[in-house]
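Quick notes on the structure that follows.
The values are calculated or read from the model by the stated rules, or taken from the named source; none is laboratory data. Predicted model, so just to flag it, every value in this text is computed and none were measured. So basically every Cβ, Gly included, is an ideal-geometry build from the backbone, and we count neighbours across all protein chains shown. Areas reflect the complete protein model, heavy atoms only, side chains present, ligands, DNA and RNA absent. Shrake-Rupley method; radii C 1.70, N 1.55, O 1.52, S 1.80 Å.
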Amino acid sequence: MTALLWFRRDLRLSDHPALLAAADEGEVLPFVVVEPQVLSDHRPSARRMLRSIAALHEATGGALVVRCGDPVDLVPQAAAAVGAERVHITRDTTPAGRVRDEDVGGRLQEQGAQLVTTGTPCAVGPGLVLTGEGTPYKVFTPFARAWRDHGWPAPADRVGDDVWLRDGADLLAEVGEDGLERVLAAADEDAIDGPAGEDAAQERWRSFLRDDLAGYDTDRDRPDRDATSRMSIHLTHGEIHTRTMLADLAAHPAADSDAAQRFVTELAWREFYADVLWHRPDSAWADLRDALAGLPYDDGSETDRLVEAWRQGRTGYPFVDAGMRQLLAEGFMHNRVRMVVASFLTKDLHVWWPVGARHFLDHLLDGDLASNSHGWQWVAGTGTDASPYFRVFNPITQGERFDPDGAYVRRWVPELAHLSGKAAHTPWTHPDGAAHGYPERVLDHAEERREALDRYEMARAQR
């Protein structure tokens, strides 16, 4: 019997429970559907996904079949073409993915086939970690404790290379539009990040464990040091499973170190946000909590001008601008800097957080809906485990603390390369600070901080 494995954000062959389930039935047709708009989408995350698909095609020895179109139509057609009674997937826990999979499952059922879900992208599936009362956790720390106590299975075995249906492309010749050539062409385009695919993910992970894990606890907040794992990109595209990383950490000689445990905690944050989105799919683009429902936000042409300065990294605040320019250039931004630039948009420019969250998803290679939206809400004060409404990140002191020598700023803001040390964080205090074209500050942080606090107090008083 032939089973069909529909790959989505699980573009790997190791530690893949849905692949194992499919292989138990016989030959497996590896199948990907690329929606037409993705092929013409020039956002870094879309191009990166195509590169991951190309790497998976190579890893399957060319057996992967890629079709372009609507999966609600193409997945049932593909199953019928190869006589597959069961289509296997990794459960998609995002709001849009859940709706799509329900539609595909319904269409398959109409033709006497079945959509089978096995596993999730998380070590612990969203919705499984609950309080003693059977309700979702609303705060990270108790969730993380319960998540660790719950535990997770060992990584799944890898199937052999003989599992694939080799004539799948011929059998699906009449199903949809062949998208492989266009995927491979996109994969050949210049990339702003490193290699894509499972092998690249494994190599990056091994490199981090070998070279950077020991200093992670102390160096992870320093954007001037390349001390983070950069594994978020690989996790987003499912080139490695969280469970694999947790198993490797547990087996590491430094498993009990503060650094290793801090890394586990960062993985727990990712799982927490996935859990929150599972229970509250509306929180993807709306406030999770209504505590600040009456908060006034700015809009209009002047606000649009300020937001554009923020997007382009020309606010006159070097630490903010460095982060925004890194985002545009690399499709990545250090997490500490993400918090600072998010605070600047929401609490200095007084703009609602989805404006920034959408900009991030437009440019991030590791754009994950749950982590992105709820990370923004943490800063804005509208989410679970939210930053207190009165906490406003100071872009100057944050820069001086986490980029003490100004190296990060000088890398991404070359107009300030002539300022040595922490002087790069306050160019307006130096006679030649703007000598090479760096812009004046678009606002006074101290004044906007007071304004933000006044607005927050007013919103809270309305409760």
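What FRET efficiency comes out for ALA407 versus ASP157 if R0 is 45 angstrom and r is the Cβ-Cβ distance? Round to the nearest 0.05.
Working: r = 45 Å, r/R0 = 0.99.
So, using R0 = 45 Å, E works out to roughly 0.50.
Looking at the chain alone, DSSP beta bridges between its own residues are antiparallel in about 15 percent of cases.
What does the charge count around ARG230 come to, taking other residues whose C-beta lies under 9 Å from its C-beta (Lys +1, Arg +1, Asp -1, Glu -1)?
On the way: positive: ARG204; negative: ASP193, ASP226, ASP366.
Around ARG230, the charge tally is -2.
With Cβ to Cβ distances under 13 Å as the rule, what net charge do the other residues near GLY151 carry (K, R +1; D, E -1)? Write down the numbers at each step before the final one.
Values: positive: ARG145, ARG148, ARG243; negative: ASP149, GLU271.
Here the count lands on +1.
At a Förster radius of 25 Å, what calculated FRET efficiency corresponds to the Cβ-Cβ distance of THR131 and GLU266, to the nearest 0.05?
On the way: r = 23 Å, r/R0 = 0.91.
Efficiency, rounded to the nearest 0.05: 0.65.
One Cα centroid belongs to segment 283-297, the other to segment 158-180; the line between them spans 46 Å.
Calculated mean residue ellipticity at 222 nm for the chain: -14000 deg cm²/dmol, from DSSP H runs with n ≥ 4 weighted as -39500 (n - 2.57), summed, divided by the residue count and rounded to 500. Along the axis of the charge dipole computed for the chain (Cβ charges of +1 for Lys and Arg, -1 for Asp and Glu, origin at the Cα centre), the listed residues GLY69, LEU13, ALA146 are led at the positive end by ALA146.
Under the classification rounded if a/c is under 1.5, otherwise prolate if a/b is larger than b/c and oblate if not, where does segment 86-219 fall, given a ≥ b ≥ c as square roots of the Cα gyration tensor eigenvalues? The shape class here is oblate.
Here is the P(r) of segment 268-377: all C-alpha pair distances, binned every 10 Å from 0, give 14, 46, 33, 7, 0 in whole percents. Rounded, prolate or oblate: which fits segment 31-76 when a ≥ b ≥ c are the square roots of the eigenvalues of the alpha-carbon gyration tensor, with rounded for a/c under 1.5 and prolate only if a/b beats b/c? It comes out oblate by the Cα gyration axes. Taking Cα atoms only, the orientation of helix 140-150 departs from the longest principal axis of the chain by about 30 degrees. Taking a Cβ cut-off of under 14 Å around LEU419, the surrounding Lys, Arg, Asp and Glu residues balance to a net charge of -3, with basic ones at +1 and acidic ones at -1.
Let me check against my output: what whole-number percent is the relative contact order of the chain, with C-alpha pairs under 8 Å and at least 6 apart? Present the calculation step by step, with values, prior to reporting the outcome.
On the way: 763 pairs, mean separation 78.7, N = 463.
Rounded, it is 17 percent for the chain.
The residues of segment 6-108 expose on average 33 square angstrom of accessible surface per residue, using a 1.4 Å probe on protein heavy atoms.
What number, in nm² with one decimal, is the all-direction average of the projected area of the convex hull of the alpha-carbon atoms of the chain? Walk me through the numbers before you get to the answer.
Details: hull surface 94.0 nm².
Projected area, direction-averaged: 23.5 nm².
Please say if segment 154-296 is rounded, prolate or oblate, where rounded means a/c under 1.5 for a ≥ b ≥ c the square roots of the C-alpha gyration tensor eigenvalues, and otherwise the choice is prolate for a/b larger than b/c and oblate otherwise? Oblate, because a/c is 1.5 or more while a/b does not exceed b/c.
Please give the FRET efficiency for ALA255 paired with ALA329, using the beta carbon to beta carbon distance and R0 = 45 Å, rounded to the nearest 0.05.
Values: r = 36 Å, r/R0 = 0.79.
So the FRET efficiency works out to roughly 0.80.
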